[in-house]
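Engineer: This structure is in structure tokens; I'll ask about it shortly.
Bear in mind that the values in this text are calculations on the coordinates, not laboratory data. The structure presented is a predicted model; accordingly, all values stated were derived computationally and were not measured. Ideal geometry is used to build each Cβ from the backbone, glycine not excepted, and the neighbour counts take in all protein chains shown.
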Number of protein chains: 2
Amino acid sequence: MTIAPPVDRNLIEQIVREIVLSQVGGPPGKPNLVVSVSARHVHLTDQDVETLFGAGHKLTVSKDLYQDGYFAAEETVMVVGPRRRMLPTVRILGPTRPESQVELAFTDGISLGIELPTRASGNIAGSPGCVLVGPKGVVELRQGVIRAERHIHMGPADAEFYGVKDKDRMGLRVASSCDTTFNNLLVRVGKKIKLEVHLDTDEGNACDIDHASSVQLVKN
Amino acid sequence: MTIAPPVDRNLIEQIVREIVLSQVGGPPGKPNLVVSVSARHVHLTDQDVETLFGAGHKLTVSKDLYQDGYFAAEETVMVVGPRRRMLPTVRILGPTRPESQVELAFTDGISLGIELPTRASGNIAGSPGCVLVGPKGVVELRQGVIRAERHIHMGPADAEFYGVKDKDRMGLRVASSCDTTFNNLLVRVGKKIKLEVHLDTDEGNACDIDHASSVQLVKN
């Protein structure tokens, strides 16, 4: 096993890289598009939080995420895969959920030795498991380790603007020196939801989102 | 610093993942398209091979690559970045070159703490440096650490088929559950060159190339 390196402040701050870029050629009133790149992270149940961090423990907010009510927690866990490989400090995102879930990029999965299915968040039936190690205990997840399928959150007004409905598919064009179009992103429409694309680090790095000159949603 | 994990045979065999998939809707005679995903690797000068592995040392072929004359070597080096972070076993690709060069994915660069410029192979002026450590010596590269710009190798007949010439740009559509179009790939035409797209691991993982149902070159 590798020894945990000291926690790097830059990396913590990059748990979620939010990129806000003007979209080219938009009419007035075009919704503001945020593209967020989520590094590997864990969602936990209340019960698993207590098992890992001690009875009665509640997650501590470290940084609010773009969608209201969601946050990166101060807490991290060790994710242990098969073959005794592990990721020492994987951030927990809150709030807690009905089922625990680990979201990794394929690069992480290859490093851990886990073949990741690409799934919409919450759709974890039959996915691989792993072991989570916290300061006060251990949780063995029978399933829940996935690569999150990239997707677009939007509110009803955004959906109307783009002429799409819940569960439709749209593309995301990222203009950069590594110019890329991600096709067939799942559209998820909800009340009080802000327009936001979620990519993982492989996707964000593939298109060099940090140096992109524009991002644009395109009809399928 | 992390301790080097035992070398994993699966990883060695994935130094270059070559994906050969039929292209949809092609006319008879359409060239066979190979998409190769190159993991991080190093190109060395003869002099640097001797410094790292001992006087008179020559690289040993481990696996021939798709293009004739190119190979993954048995030899690996440690790549050390700033802040005492390192990658313990980075594969060397042969043959040797006039200038040493380290090709990393952005994921590797973030892990090492190196801000990588995206460059065509060989265009290393002003790029970051690093330290290479081999069993017999150390080389300090003043420059040469890049993210290789994705590109398409092809022969004259392929160029004629697609109606492109050297230095043109084309797209690569990868149909998969993470369906992606990489835009503006640099076309490099050369005699005796086989049609092959080179992606890095971030790009290969972003589009889940290992489970793609088809790959297709598209006009820009």
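Engineer: Mind listing which chymotrypsin sites (Phe, Trp or Tyr not before Pro) in region A:39-99 are in a DSSP loop and have 14 or fewer other Cβ atoms within 10 Å?
Structural biologist: Numbers: sites: A:F53, A:Y66, A:Y70, A:F71; in loops: A:Y66, A:Y70.
For chymotrypsin sites (Phe, Trp or Tyr not before Pro) across region A:39-99 that sit outside H, G, I, E and B with at most 14 neighbouring Cβ atoms in 10 Å, the list reads A:Y70.
Engineer: What average count of beta carbons from other chains do you get within 10 Å of the Cβ of residues in A:196-205?
Structural biologist: Details: counts 0, 0, 0, 1, 3, 6, 12, 7, 4, 14.
Per-residue shielding by partner chains comes out at 5.
Engineer: For the protein assembly as shown, just say rounded, prolate or oblate: build the C-alpha gyration tensor, square-root its eigenvalues into a ≥ b ≥ c, call rounded for a/c under 1.5, and beyond that prolate if a/b exceeds b/c, oblate if not. Spell out each step's value before the answer.
Structural biologist: On the way: a/c = 1.90, a/b = 1.21, b/c = 1.58.
Oblate shape, in that a/c is at least 1.5 and b/c is the bigger or equal ratio.
Engineer: Continuing with this model, one more query. Arrange the following residues from fewest to most other Cβ atoms within 10 Å of their Cβ: A:I114, A:I124. Write out the running numbers ahead of the final one.
Structural biologist: Values: A:I114 24, A:I124 21.
Listing A:I114, A:I124 from fewest to most nearby Cβ atoms yields A:I124, A:I114.
Engineer: Near the amide H of B:T45, under 5 Å away, which other amide H atoms are found, from residues 5 or more places off or on another chain, if H is placed in the peptide plane?
Structural biologist: It is B:R97, B:S100, by chain and number.
Engineer: If the cut-off is a Cα-Cα distance under 20 Å, which lysines reach B:K136, setting aside same-chain residues fewer than 8 apart in sequence?
Structural biologist: B:K58
Engineer: Would you tell me the mean number of C-beta atoms belonging to other protein chains that fall within 10 Å of each C-beta in A:106-113, as a whole number? Before the final figure, lay out each step's value.
Structural biologist: Working: counts 10, 10, 2, 1, 8, 5, 0, 3.
Average per residue, whole number: 5.
Engineer: Can you sort A:V79, B:V215 from fewest to most other Cβ atoms within 10 Å of each residue's own Cβ?
Structural biologist: Values: A:V79 25, B:V215 22.
With the sparsest Cβ surroundings first, the list reads B:V215, A:V79.
Engineer: Still on this structure: Quick one: what are the phi-derived ³J(HN,Hα) couplings along region B:209-215, Karplus 6.51/-1.76/1.60 with θ = phi - 60°, whole Hz, x for glycine and proline?
Structural biologist: Result, rounded to whole Hz: 4, 5, 10, 5, 8, 7, 10.
Engineer: Give me the net charge for the shell around A:R97: Cβ to Cβ below 10 angstrom, other residues only, Lys and Arg +1, Asp and Glu -1. Could you put the intermediate results ahead of the total?
Structural biologist: Numbers: positive: none; negative: A:D46, A:D48, A:E99.
Residues near A:R97 contribute -3 overall.
Engineer: Straight-line reach from B:K165: which lysines fall under 23 Å, measuring Cα to Cα and dropping same-chain residues less than 8 apart?
Structural biologist: Excluding near neighbours in sequence, the set is B:K30, B:K191, B:K192, B:K194, B:K219.
Engineer: Mind running the shape call on region B:130-220? Use the C-alpha gyration tensor, a ≥ b ≥ c as the square roots of the eigenvalues: rounded below 1.5 for a/c, prolate if a/b tops b/c, oblate otherwise. Intermediate results must be reported in sequence, preceding the final value.
Structural biologist: Working: a/c = 2.60, a/b = 1.49, b/c = 1.74.
Oblate is the answer for region B:130-220, as a/c is 1.5 or above yet b/c matches or exceeds a/b.
Engineer: Between copies, how far does the label point of B:V61 sit from its twins, in nm, shortest first, when each point is 7 Å from Cα along Cα→Cβ?
Structural biologist: 6.2
Engineer: Dipole magnitude of region B:120-163 about its Cα centre, charges +1 at Lys/Arg Cβ and -1 at Asp/Glu Cβ only, in debye to the nearest 20? Present the calculation step by step, with values, prior to reporting the outcome.
Structural biologist: Numbers: 4 positive and 4 negative charges, 62 e Å.
Using Cβ point charges on Lys, Arg, Asp and Glu, region B:120-163 gives about 300 debye.
Engineer: Does region A:174-213 classify as rounded, prolate or oblate by the C-alpha gyration tensor (a ≥ b ≥ c root eigenvalues; a/c under 1.5 gives rounded; else a/b over b/c gives prolate, otherwise oblate)? Could the numbers behind the result be given before it?
Structural biologist: Details: a/c = 2.45, a/b = 2.11, b/c = 1.16.
Prolate, because a/c is 1.5 or more and a/b exceeds b/c.
Engineer: Still on this structure, please answer the following. In whole Å and largest first, what semi-axes does the C-alpha gyration tensor of chain B yield when each eigenvalue is scaled by 5 and square-rooted?
Structural biologist: Details: eigenvalues 194, 67, 54 Å².
Square roots of five times the eigenvalues give 31, 18, 16 Å.
Engineer: While we're on this one: Before rounding to the nearest 500, sum -39500 (n - 2.57) across all DSSP H runs of length at least 4 in chain A and divide by the residue total; then give [θ] at 222 nm in deg cm²/dmol. Before the final figure, lay out the partial values.
Structural biologist: On the way: 5 runs with 33 residues, N = 220.
Helix-only estimate at 222 nm: -3500 deg cm²/dmol.
Engineer: Can I ask one more? Along Cα-to-Cβ, 7 Å out, sits the label point; list in nm, shortest first, how far the one on B:V131 is from those in the other copies.
Structural biologist: 3.5
Engineer: Sticking with this structure for a sec: For the pair A:K192/A:K136, report the inter-label distance in nm, with labels modelled 7 Å from Cα in the Cβ direction.
Structural biologist: Distance between the two pseudo-spin positions: 2.9 nm.
Engineer: Using a 10 Å cut-off around each Cβ of peptide B:166-173, what is the average number of partner chain Cβ atoms that fall inside? Walk me through the numbers on the way to the answer.
Structural biologist: On the way: counts 0, 0, 0, 1, 0, 3, 1, 2.
Per-residue shielding by partner chains comes out at 1.
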